[in-house]
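Report on the following structure.
Values in this text are rule-based calculations from the coordinates and carry no lab data. Owing to the predicted nature of the structure, the values given are computational and were not obtained by experimental measurement. Counting neighbours? That spans all protein chains shown, and the Cβs are built from the backbone with ideal geometry, glycine included.
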Amino acid sequence: MKKTAIAAAVIMVMLLFGNLTKAGVSVIVNGTFEKDGRINNITLEASPHGWNDVNLPPEFGGWVKNDWSTYVPNGYSLTLYSKAYQSTETGDIAMVSQEVYLEDVNEIIFDVKLGTEYSYIPWDSQRRSAVLLIDDDVVWDSDVLGVGANGEYRDITVDVNGLYGAGLHKLSLAIRTDVDEGNPLWQDWAQWDFVRFDTHCEGFGYLRADLNYDCYVNWPDLEILAEEWLEEPSVERYDLFADDENIIDLYDFSVLAESWLDSSYWQPDQLLDMDRNNDGIVNFFDFAFLAEDWELESVDYDDINKLAEQWLETNWIYELW
């Protein structure tokens, strides 16, 4: 019982320290755009969750709607479009972006659909391009699909292995004008969905605190940090918290705590049975409910462990994207 109590105490201390910092993880937030629901105008109403860096010049627009989806039935996707009756110049570009960690990422994978406002008018790759950028450099261009590129394309793969160092990088989805053009009579649409990283952990990438690369943050990762306690780490990536100390201390444990018992794998059937007050998130309010019933036979250390597993999780199953 003593060891169990100590283990439970360690978990709760880690949970407390887990709020000190947000860890960098090799995942794309809201890559399916299911987090938002309908956004008719992403410049006036709201930016897509996660894609909060929006740059849409007046001659472009964007929305999130359920008019096309490749993974979720009747799900949502992002559309960036060039407006009709608006003059554009070569190189004009509209984009949405988010900061991502590219540590341990080999490939970026996505689905895209190209078309125009009117189905009988083809997408012209000599006039318009859909592009994927990292740090404002183009890493994929829809021109590779040919001149008449109408239609949807799934699992387009962009190799970024070894091209970018570990750390934050700007990932952007964009539509670009390739010629000077005055007052076109229709809109060109570039639609994006299911944007994700490569096959590590079924496409979600390694969590930053997953020190042994098993797609889970759990006791083996904690043991690795414990062995490096107050020392300069034997492996640079074990130093999870970037500061001038360059040693493993409580700040590094706080990063690990942020992802404690998380998995990179998507778990759509996960039930938040520890959400005791039914507010959609497992947090200290639910711990308070548990504490009130501590003396009851129905509440024990297994409940504490289960609460830790779901700590700060929400009932939104697409939150990792």
Seminar exercise, completed: Projecting the Cα atoms of 153, 119, 171 onto the charge dipole of region 53-197, where Lys and Arg contribute +1 and Asp and Glu -1 at Cβ, the residue farthest towards the positive end is 119
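Taking neighbour counts of Cβ atoms within 10 Å as a proxy for exposure, in what order, fewest first, do 306, 35 appear?
Ranking 306, 35 by Cβ neighbours within 10 Å, fewest first, gives 306, 35.
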For this session: Quick one: dipole size for region 53-197, taken about the Cα centre, charges +1 on Lys/Arg Cβ and -1 on Asp/Glu Cβ, in debye to the nearest 20.
Result: 460 debye
Problem set entry | Amide H within-cut-off set for residue 160, under 5 Å, with H built and near neighbours excluded | 107, 108
Exercise. Where nothing but the Cβ of Lys and Arg (+1) and of Asp and Glu (-1) is charged, how large is the charge dipole of region 81-146 around its Cα centre, in debye to the nearest 20?
Worked result: 560 debye
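DSSP loop chymotrypsin sites (Phe, Trp or Tyr not before Pro) in region 27-116 with at most 14 other Cβ atoms within 10 Å of their Cβ, which ones?
Numbers: sites: 33, 51, 60, 63, 68, 71, 76, 81, 85, 101, 110; in loops: 33, 51, 68, 71, 76, 85.
For chymotrypsin sites (Phe, Trp or Tyr not before Pro) across region 27-116 that sit outside H, G, I, E and B with at most 14 neighbouring Cβ atoms in 10 Å, the list reads 85.
Where does region 53-197 land on Rg(C-alpha)/(2.2 N^0.38 Å)? Please list the in-between numbers first.
Details: Rg = 14.9 Å, N = 145, 2.2 N^0.38 = 14.6 Å.
Taking the Cα Rg and dividing by 2.2 N^0.38 Å, one obtains 1.02.
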Exercise. When a footprinting reagent is the concern and you count Cβ atoms within 10 Å, what order do 112, 72, 147 take, fewest first?
Worked result: 147, 72, 112
Seminar exercise, completed: The exposure ranking of 145, 230, fewest beta-carbon neighbours within 10 Å first, is 230, 145
